[in-house]
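First the structure, in the form of structure tokens, and then the observations on it.
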Amino acid sequence: ARAERGAGGGALDRLEDFTRFHIRYHIERPNEVFIAYMELRNLEPANFAVIERLRGEYESELEGILRDGVAEGVFHLTDPKIASLAVIAMLTGVNTWYRPQGRLTLDDVETLYSDMVRGAVGAAV
């Protein structure tokens, strides 16, 4: 789904798009996300390899955005690989607490997390 989106623009815009996409995609599919993260151990090795490749491509997209942002001078971080893993972990954590009937709308959550992600990579908030 992410590959079909094709976000363009500068690194800051692409980071916001990535953040919003990740949150919305995961929030709208809580059962699928739970299974995808918790049941990987039950996959046959060939199927596990497919998932690992797709996961790697997804993580590489974010790492590329962060590297581009460093090159553009809009992100200030020393290790884009570790930063990308930390950002993905933070974004995925939304599924553990978000409730549609809660005090924050999905748009509110996306905006708050976009601000936190920009701060985490040393961008102006």
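The values are calculated or read from the model by the stated rules, or taken from the named source; none is laboratory data. In this text, all values refer to a predicted model and were calculated from it rather than measured experimentally. Note: ideal-geometry Cβ built from the backbone for every residue, glycine included; neighbour counts use all protein chains shown. Only protein heavy atoms, including side chains, enter the accessible area calculation; ligands, DNA and RNA are left aside. Shrake-Rupley method; radii C 1.70, N 1.55, O 1.52, S 1.80 Å.
Does region 32-66 hold any residues that are open to solvent by less than 90 Å² (accessible area, probe 1.4 Å) and either touching an Asp or Glu at 6+ places or on another chain (Cβ under 7 Å) or among the hydroxyl-bearing types (Ser, Thr, Tyr) (or both), and which are they?
Matches in region 32-66: Tyr58, Ser60.
Out of all the residues in region 100-108, is one or more under 23 Å from Gly9 (Cβ atoms) and either open to solvent by less than 60 Å² (accessible area, probe 1.4 Å) or in contact with a Phe, Trp or Tyr (Cβ under 6 Å, 6 or more places away or on another chain) (or both)?
yes
Please tell me if Ile82 is modelled with pLDDT of 95 or more and either in contact with a Cys (Cβ under 9 Å, 6 or more places away or on another chain) or open to solvent by 40 Å² or more (accessible area, probe 1.4 Å) (or both).
So Ile82 fits the description; yes.
Check off (1) in a helix (DSSP H, G or I); (2) open to solvent by 30 Å² or more (accessible area, probe 1.4 Å) for Ala124 and give me the number that stays unchecked.
If we test Ala124 against (1) in a helix (DSSP H, G or I); (2) open to solvent by 30 Å² or more (accessible area, probe 1.4 Å), just (1) comes out false.
Given the options Glu28, Glu44, Glu32, name the one that is among the charged types (D, E, K, R) and within 25 Å of Leu12 (Cα to Cα).
Going through Glu28, Glu44, Glu32 in turn, the sole match is Glu28.
Every residue, every condition in (1) at pLDDT below 95; (2) not in a helix (DSSP H, G or I), yes or no:
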{"site": "Asn31", "(1), (2)": "yes, no"}
{"site": "Leu54", "(1), (2)": "yes, no"}
{"site": "Glu57", "(1), (2)": "yes, no"}
{"site": "Glu63", "(1), (2)": "no, no"}
{"site": "Leu66", "(1), (2)": "no, no"}
{"site": "Ala71", "(1), (2)": "no, no"}
{"site": "His76", "(1), (2)": "no, yes"}
{"site": "Ala86", "(1), (2)": "no, no"}
{"site": "Gly93", "(1), (2)": "yes, no"}
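Residue pairs, Cβ under 7 Å, 6 or more apart or interchain, first in region 48-71 and under 24 Å from Ser114 (Cβ atoms), second outside any helix (DSSP H, G or I) and of a type in the set (Val, Ile, Thr). List them.
These pairs meet every condition: Leu66/Val121; Gly69/Val121.
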